[in-house]
Every structure is written in C-alpha cells, then in structure tokens.
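Notes follow the structure.
Any read-out appearing in this document is the output of simple, stated calculations on the displayed coordinates, not a laboratory observation. These numbers come from a predicted model, not from an experiment. Using ideal geometry, Cβ is built from the backbone for each residue, glycine included, and neighbour counts are taken over all protein chains shown.
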Amino acid sequence: MIILIKNNFSLAKKIEIERRNVKNARLNVNQDLEVKVIVPEHYSERNISKIIENNSVWINTKLRKFSKIAKYKIPLKENEILLFGQPKILDKENPEEWQKKFARVYLIERAQQLAEKNNLKFNRIFIRSQRTRWGSCSSKRNISLNWRLIKTPKEVIDYVILHELTHLKEMNHSKDFWNNLESKIPNYKELRLWLKRHGPLLF
C-alpha cells in the first residue's frame, strides 16, 4: 500500500503511516517533503487509503509548495538554531523557549530604537507567535511582532519593524506607504524577497 501511495505523490521523500490512540485521523506535510498520516489504531488499510485519496489534492499542493522553496532552506545540525539568519550552536534543554525570551528582549529594544530614530511613537508592543504573519500595526497604534523574526538576518528584522512603524502614518499599502517605507530602508524590496523565499521555512 505504501508503494502505491508513493506513486501517487512523486514529490514525497517519505510517507509514514502511524497508528495512535487518537479519535480522528490527521495528515501532515512538512518542509522536508515528508508526509505523515496519523490514524486511530483500529483503522483498516482501506480506510487509510480512502483518507489519503480524499486529501490527495491538498497533499500534492503542499508538496509542490515546499519543493519550490526547499532550495532556500538553511541546513541545521541537531544542536543548532537559526539566529539572525545564521546557524548557531545552542545547547539548551528547550531551545525554542530560549529563542522566545531572546526575541522579546531584542525585538522590543530594536523597535524602540527605530521608532525613536524615525520620530514615530507607538502605544504598546507585543511579541507573538502567529503562524501566518510577521507583524502588524493596529488602529490603536499597537505593534505586534513574531518572535521567529530573530531567525532572519538583522536587516530583515529592521524591514519588518519599519514596515509596521510606517503604518503609524499610513494604515494601508498605498503608493505613499511604500514611498515612505523606501525613504527609511531603500533596499526593502530585496529584504521583502528574502522573507518571501525563506519565511515559510522558518515556521
């Protein structure tokens, strides 16, 4: 059965079916082009095949998406994390918690520096864990930043922060907004492209 599945998903490097003590089946496709199918222990092979067949379009869409951006993945060893766009050895019990704490300090301080430099004032700043956004600016002049930004180069971090700070003047993406942003960070298009290419692999 697994050989048949592989023929249907030629981009998949690995397909794994795992039986667990769960109520419902679920599917996952990761950045390494691996497909995992988690099913209740009592599921028959026929039911598993049906679930995979019914979700084949979604699976292939995910595989195509990740295969296009796979060349931008920065390889990491087992004890390494990404910090400012570069691999860094980190021997910590919980690397992600360390990253979150580090991000809170660095991002808040950097946002305050850039706001002061550009004569902009925000109300409050939040460090969040969004799955689809790098940052946001609310009508209440609150700035939110994704902690995963510390995985990107410092220039990219500055671009995201300045992007949100610019919304304090232009709460849209009009021509005036982009012109305003460009006056603060002339190479923003290059940095935006880096984030578009590498960003999906940092979640």
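Counting Lys and Arg as +1 and Asp and Glu as -1, each charge on the Cβ, what is the dipole of segment 1-106 about the Cα centre in debye, to the nearest 20?
Around 420 debye, computed over segment 1-106.
With a cap of 15 neighbouring Cβ atoms within 10 Å, and only residues DSSP puts in a loop, list the GluC sites (Glu not before Pro) found in segment 9-78.
Glu41, Glu78
Karplus couplings for segment 148-162 from phi (6.51 cos²θ - 1.76 cosθ + 1.60, θ = phi - 60°), rounded to Hz, Gly and Pro as x?
My calculation for segment 148-162 gives 5, 4, 5, 7, 9, x, 4, 5, 5, 4, 4, 4, 5, 5, 5 Hz in order.
Assuming R0 = 30 Å, what is the FRET efficiency of Asn28 and Lys68, from their Cβ-Cβ distance, to the nearest 0.05?
After rounding, the FRET efficiency stands at 0.95.
Only one of the values [x] 19.6, 67; [y] 20.9, 64; [z] 19.0, 62 was calculated from this structure for Rg and Dmax of the Cα atoms in Å; name its label.
Answer by label: [y].
Taking K and R as +1 and D and E as -1, what net charge do the other residues with C-beta under 14 Å from the C-beta of Glu182 add up to?
Within the 14 Å Cβ shell, the charges total +1.
Classify segment 160-203 as rounded, prolate or oblate, taking a ≥ b ≥ c as the square roots of the eigenvalues of its Cα gyration tensor: rounded when a/c is under 1.5, otherwise prolate if a/b is larger than b/c and oblate if not.
Taking the square roots of the gyration eigenvalues as a ≥ b ≥ c, segment 160-203 is prolate.
Compare Ile48, Ile127, Ile143 in a GNM of the chain, Cα atoms joined below 10 Å, and give the one with the largest fluctuation.
Evaluated over the chain, the most mobile residue of the options is Ile48.
Could you tally the net charge around Glu109, taking each other residue with its Cβ under 14 Å from the Cβ of Glu109, Lys/Arg +1 and Asp/Glu -1?
With Lys, Arg at +1 and Asp, Glu at -1, the neighbours total +3.
Compute the long axis of helix 188-198 from its Cα atoms, compare it with the longest principal axis of the Cα atoms of the chain, and write down the angle in degrees, 0 to 90, nearest 10.
20
Rounding to the nearest 10 and keeping the result within 0 to 90°, find how far the Cα-based axis of helix 56-69 lies from the longest principal axis of the chain.
Result, in degrees: 50.
Would you mind pulling out the separation of the Cα centroids of segment 175-200 and segment 13-42, in Å?
38
Against the longest principal axis of the chain, how steep is helix 95-117, in degrees 0 to 90 to the nearest 10, with axes from Cα atoms?
30
Could you sort 59-68, 93-102 so that the peptide with the highest average Cβ count within 10 Å comes first and the rest follow in order?
Answer by packing, highest mean first, reads 59-68, 93-102.
Distance between Cα centroids, segment 119-174 to segment 58-78: provide it in whole Å.
Centre-to-centre distance over Cα atoms comes out at 26 Å.
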